[in-house]
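These notes concern the structure reproduced below.
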Amino acid sequence: MNAVASLRTALRALRKNKLRSLLAMLGIVIAVAAVMATVSIGQGAQAKVAQQMESLGSNLLMVLPGSIAMHGVATGSGATQNLTRDDATAIERELGNSVAAVAPINRTGAQVVYGDQNWFTQVQGTTAAYLQVRAWPVAQGEAFGREEDVSAAKVCLLGQTVVNKLFVPGAPVLGEQIRVKHVPCKVVGILGVKGQSFGGADQDDVILVPWSTVVRRLIGSQSDAVGQMMISARSATAVADAEREITALLRQRHHLSEVAEPDFQIRNLAEMQDAAKQSTETIATLLEAVAAISLIVGGIGIANVMLVSVTERTREIGIRMAVGGRGRDILFQFLTEAVLLASVGGVIGLTLGIGVSKWMAAKGDWPTLLSPPVMLGTMLAAGLAGVIAGFYPALRASRLDPIEALRFE
C-alpha cells in the first residue's frame, strides 16, 4: 500500500468515528498549545525582566549610607548621612580606571503645579552624570550641567508621567515654568520613557533637578551629605574591581580600620540582574516541563484510542490480510492514522498556542517571542508522539492471525 492510499484510508477511518478522533486529538491540541504558550510566555517574561533590569542602568553600583555604632548603640541602615559630595568627587577623580561616572542623589517628595494642574511626585537632586549612569536619554530639550549645579539653578527635567499629568497633549512644555513646592523651575528637557522598574515602580514619575537646587532650595539644608550614589563601572568586567576600589577608598576617607564595620553599603545591580535572570529561567524551565508532560498525556490518549480502534476493526484487519495485505501494510496503516491524529492536533494546538501567547503578552505588557525553531520542534514532537503512541497498537494489529481475526465477533 502506497502512502497516498494509506492516507486516504486513514482519513476515511477517522471520519467514521469523528467524536473519538476529536477526543484523541484534544490531548495533543492542549499539549502543543501549552508548549507554545509556556515557551513563548517564559521567553517573553525573561525579556521583560531583562529590559526592566537594563533600564536601571548598565554596570551599576549603588552606594548607600550604612549603620554606625556609638556608645554601644547601633543605628539602622541609612539612619546616618555619612556620604558626602566630597566622597563622590573623590571616587570620580581617583578611580577613573574602573569608574565611568558618579551621580550623587538626594530625593524629596514634592507637589508640583502648572496652571490649574498639580501632581505629587518624586524630585531627585543629582548631576548630569545621572543620565549617563542610568543610560537615560533626553527625548526633548537638553540636560542641565555643572554650572547649573554650582549655582543651584531653578531648572528641571520632567519624566513622561509628570508631563502627562501637568500638560495637555500637544501643549508646549520646554521653557515653561512649573512650581516645585515653593520654587519656580524652568523645564529645560523631557526624559525618554523608561517604563516600570523591576519592582513595579513607575520610573517616569520623576523630576530631575540639580543636586544643589534640591538640597539648598527645596530641602533647605547647607549640608553636603548625599542620600546615595549611583556609580557606573567602565565595563561589565570592571564592576568587581570598581566595587573593591570604592570600598577601599571610602574606608580610607571615613577613617575606618581594617576590622571595623563599614558605615556604607555597596549594592551590585549586576548580581541582582543575574539572580532575576536565573529565577525567570527556572520558572520557564518548570513551565516547559509541565508542557512536556501534557504532550506525553496527549500521546497516551492517542494510544488508547488506537488500541480501541484495533479491537473494533479486527474483522476488517482479517479481511485485508485475507485478500493479500501484509503485516507491514497493516502496521503502516495504523501508524498513518496515529500520525495524522497527532499532526492535525498539532496544527490546531500551534494556532491556539500562538493566540494565547499573543493575548498573554498583551496582558502582561511583554514582547511576544515566537521562535520558529520552537514551533518546528513542537510540531515534530507532536508527530513523534503520534508515532510512539501508535506503534504498539499498529504492531499488535499487524501480528493478528487472519483466521482468528475473521472469526472475531
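Descriptive notes on the structure:
- Label-point separation, Gln81 to Asn118 (7 Å along Cα→Cβ), nm: 2.6
- In plain terms, the chain from Thr108 to Arg146 could stretch by 11.6 nm, reckoned as 0.36 nm per residue minus the Cα-Cα distance.
- Estimated from the Cβ-Cβ distance and a Förster radius of 56 angstrom, the FRET efficiency linking Lys358 and Glu94 is about 0.60.
- Relative contact order [Cα under 8 Å, 6+ residues apart], segment 81-262, whole percent: 32
- Projecting label points 7 angstrom from Cα along Cα→Cβ for Glu281 and Leu26 puts them 3.9 nm apart.
- Largest-first ellipsoid semi-axes for segment 81-262, taking √(5λ) over the Cα gyration tensor eigenvalues, angstrom: 32, 18, 14
Throughout, read-outs are computed from the coordinates displayed, never taken from laboratory work. Small disclaimer: the values here were computed from a predicted structure and weren't measured. Glycine also receives a Cβ, built like all others from the backbone with ideal geometry; neighbour counts cover every protein chain displayed.
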